[in-house]
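The values are calculated or read from the model by the stated rules, or taken from the named source; none is laboratory data. In this text the structure is predicted, and so the values were computed from the model without any measurement. Cβ coordinates were reconstructed from backbone atoms using ideal geometry, including for glycine residues, and neighbour counts include every protein chain displayed. The protein model used for the area step is the full one, side chains on, heavy atoms only, and it has no ligands, DNA or RNA in it. Shrake-Rupley method; radii C 1.70, N 1.55, O 1.52, S 1.80 Å.
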Amino acid sequence: MAEKSFKYVILGGGVAAGYAAREFAKQGVQPGELAIISKEAVAPYERPALSKAYLFPEGAARLPGFHVCVGSGGERLLPEWYKEKGIELILSTEIVKADLPANTLVSAAGETFKYQILIIATGSTVIKLTDFGVQGADAKNIFYLREIDDADKLVEAIKAKKNGKAVIVGGGYIGLELGAALKINNLDVSMVYPEPWCMPRLFTSGIAAFYEGYYANKGIKIIKGTVAVGFTSDSNGEVKEVQLKDGRVLEADIVVVGVGGRPLTALFKGQVEEEMGGIKTDAFFKTSVPTVYAVGDVATFPLKLYNELRRVEHVDHARKSAEQAVKAIKGLEKGQSVDEYDYLPYFYSRSFDLAWQFYGDNVGDTVLFGDNNPQSPKPKFGSYWIKDGKVVGAFLEGGSAEENQAIAKVAKLQPKAENL
């Protein structure tokens, strides 16, 4: 098979790849120097759209509407943009072997790609119930959401199962966003999760109580403290029922599973230093192999603000880490120094008429403030996290742009809070 050579290769075609490409174009890249290799069939797009506007019954988001970099208010990079810049988009191409000492990648079709510098931007893959051998989990109409193909299949199922019953397995980001999207499509929605409240990785019980109440008011049934242990299907192989560990059985025309992801690092095992499930990098996203960088979900990097290593799975970090790596690569070539990555953790979500933002660290004691009554016409509330006498994290539901900027500033500056 043919061999292709590039100065820079970005492996992965998600959010990080698109933002890295834009930064390369900004910093100056010659035609033919840069390639993006992606197993998806489309140019990089803003992945968060898939669990939100993509599923709306009216005015749904569709490509080319949400190609990067519109998610952060930038120019939309259409496939033509990459052509104009001389950046090669190598799509529908799965890399099955990476030989880092030889600077070589090999595709499933046997093509070889050589690089001088590699940026690993492979992101995460969804954890599937079939991974745990859950009975019947391979039935039709059990969905996971990661890529545009997944979203297209889910949209088809929503149309085919009008006014049907949907069961969401998982109470995290995906669960909450998809629960809302399916309800907006007039499905009868139940959410099932094992934890005592939704989104436990971030929410306190006080924050979660608001969202659970709000969702219940919208007619979503919430079933906590149990898990799906099996599925039955009809003669067409389509899912019919969800069996729960507590003995309950839920009817289902559609099941959507959101039980987390895992970083896609298997190609590099044993070739690069790893930490906390990710690829260990420095503050410039350089790995233990000097010609290899890792960004986004797969990178375990030094979080300067808290002086510790972290791995962050969020679109904001995917964008910013990609830009940082490219600045560092180009800075090194030009003999210019680049500031260390100084990241403030940031998470956000939108569902129904709600929108929250969180900045900082969710450790220590918490103080809840504002109107968190789910019945309120315009609820607005927040929480501060206080550790060692300082405010380290801030959460706000229903905030204006200025208010959200203000809580970000608080989380960054960590003002003293001597008394709860």
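Beyond 21 Å, what percent of the Cα pairs of segment 195-314 remain? Please report the intermediate quantities before stating the final value.
Numbers: 4294 of 7140 pairs.
Across segment 195-314, Cα pairs with separations above 21 Å total 60 percent.
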Checklist line | Dmax and Rg, reported as Rg then Dmax, of the chain (C-alpha, Å) | finding: 22.2, 68
Note to self: Give me, ordered by chain and number, the residues 5 or more places off Val189 or on other chains with an amide H under 5 Å from its own placed amide H.
What the structure shows: Ala166, Lys221
Notebook entry, point to check: Quick one: if you take sqrt(5λ) for each eigenvalue of the C-alpha gyration tensor of segment 353-419, what semi-axes come out, biggest first, whole angstrom?
Noted result: 22, 13, 8
Check: Measuring from label point to label point, each 7 Å out along Cα→Cβ, what is the Ala53 to Ala355 span in nm?
Finding: 1.1
Notebook entry, point to check: In Å², what does the accessible area per residue of segment 353-419 work out to with a 1.4 Å probe?
Noted result: 54
Note to self: Report the gain in length on full extension from Asn307 to Lys162: 0.36 nm times residue separation, minus Cα-Cα distance, nm rounded to one decimal.
What the structure shows: 47.1 nm
Item checked: Per DSSP, loop GluC sites (Glu not before Pro) in segment 93-148 with at most 14 further Cβ within 10 Å -> Glu94
Next item on the list: Report, to two decimal places, the Cα Rg of segment 129-259 normalised by 2.2 N^0.38 Å (N = number of residues).
Entry: 0.99
Checklist line | Length added when fully stretched, Asp365-Ala2, from 0.36 nm per residue minus Cα-Cα | finding: 124.8 nm
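Rank-order 341-350, 185-194, 155-164 by packing density, defined as the average count of other C-beta atoms within 10 Å over each peptide's residues, highest first.
Working: 341-350: 18.4, 185-194: 20.9, 155-164: 14.7.
So the peptides 341-350, 185-194, 155-164, ranked by packing, come out 185-194, 341-350, 155-164.
Test of the criteria: in segment 184-242, which trypsin sites (Lys or Arg not before Pro) are in a DSSP loop and have at most 13 other Cβ atoms within 10 angstrom of their Cβ? Walk me through the intermediate numbers first.
On the way: sites: Arg201, Lys218, Lys221, Lys224, Lys240; in loops: Arg201, Lys218.
Answer by residue number: Arg201.
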Checklist line | Column: log10 I(q)/I(0), Debye, Cα scatterers of segment 85-126, q = 0.18, 0.19, 0.28, 0.33 Å⁻¹ | finding: -0.60, -0.67, -1.21, -1.29
Check: For the peptides 260-271, 308-319, what is the packing order when you average, over each peptide's residues, the other Cβ atoms within 10 Å and list the highest mean first?
Finding: 308-319, 260-271
Checklist line | Nearest-0.05 FRET efficiency for Gln271 and Gln405, computed from C-beta distance (R0 56 Å) | finding: 0.85
Note to self: Under the rule of at least 5 residues apart or a separate chain, name every residue whose amide H is placed under 5 Å from the amide H of Ile279.
What the structure shows: Ala299, Thr300
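Express the relative contact order of the chain as a whole percentage, based on alpha carbon pairs under 8 Å and six or more residues apart in sequence. If you can, show how the numbers build up before the last one.
On the way: 911 pairs, mean separation 59.5, N = 420.
Once normalised by length, the contact order is 14 percent.
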Next item on the list: Could you go through segment 203-217 in sequence order and give the Karplus-derived ³J(HN,Hα) for each residue, using 6.51 cos²θ - 1.76 cosθ + 1.60 with θ = phi - 60°, rounded to whole Hz, and x for Gly and Pro?
Entry: 6, 7, 4, x, 5, 4, 4, 5, 5, 5, x, 5, 5, 4, 4
